[in-house]
Amino acid sequence: MHTSEERTANLTGALAVALSDSLGELLASDSAALVTLAERGPLTIEFLRRVIGLSHSATVRLVDRLGENGLVERRGGPDARSVSVALTARGCRRAARLRQRRAETLFDALAALDGGERREFARLLEKLVAGLTTSRRQARFTCRLCDHDACRALSGCPVDHAATALGQ
């Protein structure tokens, strides 16, 4: 006999899979890099690597590929040894489309809930994502596709708050 906790865990897994399937290409490293650069501005390859969770060499190859497609450009970094990556105008437009598709997908998923249910769900989500936060690095990875202004506009990011509470 299964418990209600097992059913809740199972339904949570089904929701995670359904959302992951719906977001599809947005979860790819290319998309994560473009959205991250749109949110945070020019970044060093090393910082971008940490946020999107790739090795240094894989990030360099990613930046090369995005550059060949006219989506990013390399610039001088904060010191003589580093290189920064910035979006081109074409990259900005692509990142905006990716962010819009992400928002539409998530709004569609939430449409099944009424306003009160969405507020309660948001309260529970804050607790869940904060509880999953184990470090600042992991927090950046978790929020790599986020619209950071959406959290800043209200009570701030629960993932960021949790990382700060961990002393990071």
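The values are calculated or read from the model by the stated rules, or taken from the named source; none is laboratory data. None of the values given here were measured: they were computed from a predicted structure. Cβ atoms come from the backbone with ideal geometry, glycine included; neighbour counts cover every protein chain shown.
Checked against (1) surrounded by 14 or more Cβ atoms within 10 Å (Cβ to Cβ); (2) within 26 Å of residue 45 (Cα to Cα), residue 90 passes all but a single condition, namely (1). Restricting 7, 50, 74 to those that are among the charged types (D, E, K, R) and assigned to a strand (DSSP E or B) reduces the list to 74. So which residues in the range 120-143 are outside any helix (DSSP H, G or I) and out of contact with any Asp or Glu (no Cβ under 9 Å at 6 or more places or on another chain)? Of everything in the range 120-143, those that are outside any helix (DSSP H, G or I) and out of contact with any Asp or Glu (no Cβ under 9 Å at 6 or more places or on another chain) turn out to be 132, 134, 135. Contact annotation: residue pairs with Cβ atoms under 7 Å, 6 or more positions apart or on different chains, pairing a residue in the range 71-89 that is among the hydroxyl-bearing types (Ser, Thr, Tyr) with a partner that is part of a loop (DSSP other than H, G, I, E, B), are 84/42; 84/77; 88/70; 88/71. Of 5, 46, all but one fail to be surrounded by 11 or more Cβ atoms within 10 Å (Cβ to Cβ) and either touching a Phe, Trp or Tyr at 6+ places or on another chain (Cβ under 8 Å) or assigned by TED's automatic domain parsing to the domain that holds residue 70 (or both); the exception is 46.
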